[in-house]
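The structure under discussion appears below in the form of structure tokens.
The values are calculated or read from the model by the stated rules, or taken from the named source; none is laboratory data. Computed from a prediction, not measured in an experiment: that's the story for all the values here. Using ideal geometry, Cβ is built from the backbone for each residue, glycine included, and neighbour counts are taken over all protein chains shown.
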Amino acid sequence: MSIDEELKILDVRLKQLRLDYEHYFLGTRPREPIAARREVEKKFVVLSNNPIQNTAARFRFNSLNSRYQAFKRKWNATLREIEAGTYRRHVFKAKLHDRQARPSASPATPPGPSNDALFDAYVEAAASCGQNVAGLSRERLAAVVAKQESQIRERVGCEKVSFRVVVQDGKVKLKASTAR
């Protein structure tokens, strides 16, 4: 097999390995693709031990090798985060699972008429989604709620508008409910 064919095969395997790791980190693949990683690693060792005379092929091999090394660093860092329990996706899923297990503490439930409870639920939900809550204050949220409440009353013609905090597509939103 020529060096160009071997490099094409290695490129395809590297792309597949990258996809396998992405699926593993997303949780759609149950196990880390260790066997595929070993195959790619062995192929890089074999090719690096053989001198490549063609400059274009040598350049392509070096490019593939540097891409693989970058992927390896990224994968190893993510695996260390998973082992330490600090991987963001897993932490988010764990918090979400805890909230679903305890529906009374869920920010998706109506916090009641109190603006303080609404603010606390909003801050908790935003922090769990990884959003910055540094610039948020009770006064700003109360002003937004008051503005939306008056607009909804005019548009719908209702007496009472209540708000609750929901998380949709990883974003925190206020949902209004009306009562006639």
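Total residues in the stretch 67-81 satisfying the condition of being surrounded by 15 or more Cβ atoms within 10 Å (Cβ to Cβ), of a type in the set (A, V, I, L, M, F, W, C) and over 15 Å from Ile34 (Cα atoms): the figure is 0.
Counting only helices (runs of 4 or more DSSP H) that sit completely within the stretch 74-180, those holding 2 or more residues that are modelled with pLDDT of 80 or more and farther than 27 Å from Gly27 by Cβ correspond to 115-128, 138-156. Taking the listed residues Arg99, Arg80, the one that is farther than 30 Å from Lys8 by Cα and not assigned by TED's automatic domain parsing to the domain that holds Arg13 is Arg99, with no other qualifying.
Which of the residues that make up the stretch 41-98 are within 30 Å of Asp4 (Cα to Cα) and of a type in the set (D, E, K, R)? Those that are within 30 Å of Asp4 (Cα to Cα) and of a type in the set (D, E, K, R): Glu41, Lys42, Lys43, Arg58, Arg60, Arg67, Lys72, Arg73, Lys74.
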